[in-house]
Amino acid sequence: MMELLTMSMKDLDRLKVIQTVLAGKLSWHEAAEHLTLSERQIGNVVARVRRDGPRGLVHRLRGRKMRKSYR
């Protein structure tokens with residue numbers, strides 16, 4: 001069964017950059033500059049995408065109701 005994944009334009013841009021890093025065409029340093037993140041954060045994002053695929057980029061609470069929201 002295919003799962004529908006909702007991503008923002010920012011998430012899609014990040015995914016393209018991270019896929020380029022995984023393909024070896026872009027360094028962590030260059031990706032960090034492009035996404036205005038630190039190299040350490042790029043490493044964390046790369047690891048999440050390797051582990052979870054594109055779902056690793058989407059905020060884990062997206063689509064869930066807040067616990068402390070007003071009814």
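The values are calculated or read from the model by the stated rules, or taken from the named source; none is laboratory data. What you see is a predicted model, and the numbers here were worked out from it, not measured in a lab. We place every Cβ from the backbone using ideal geometry, glycine too, and count neighbours over all the protein chains shown.
When the range 39-63 is limited to residues that are small (G, A, S) and part of a helix (DSSP H, G or I), the one that is surrounded by the most Cβ atoms within 10 Å (Cβ to Cβ) turns out to be G56.
May I ask you to verify whether L26 is out of contact with any Asp or Glu (no Cβ under 9 Å at 6 or more places or on another chain), among the hydrophobic types (A, V, I, L, M, F, W, C) and part of a helix (DSSP H, G or I)? Considered against the rule, which asks whether it is out of contact with any Asp or Glu (no Cβ under 9 Å at 6 or more places or on another chain), among the hydrophobic types (A, V, I, L, M, F, W, C) and part of a helix (DSSP H, G or I), L26 comes out as no.
Can you tell which of V17, V21 is touching a His at 6+ places or on another chain (Cβ under 6 Å), part of a helix (DSSP H, G or I) and modelled with pLDDT of 95 or more?
Result: V17 is the single residue among V17, V21 that is touching a His at 6+ places or on another chain (Cβ under 6 Å), part of a helix (DSSP H, G or I) and modelled with pLDDT of 95 or more.
Please work out if T36 is surrounded by fewer than 11 Cβ atoms within 10 Å (Cβ to Cβ) and at pLDDT 95 or above. So T36 fits the description; yes.
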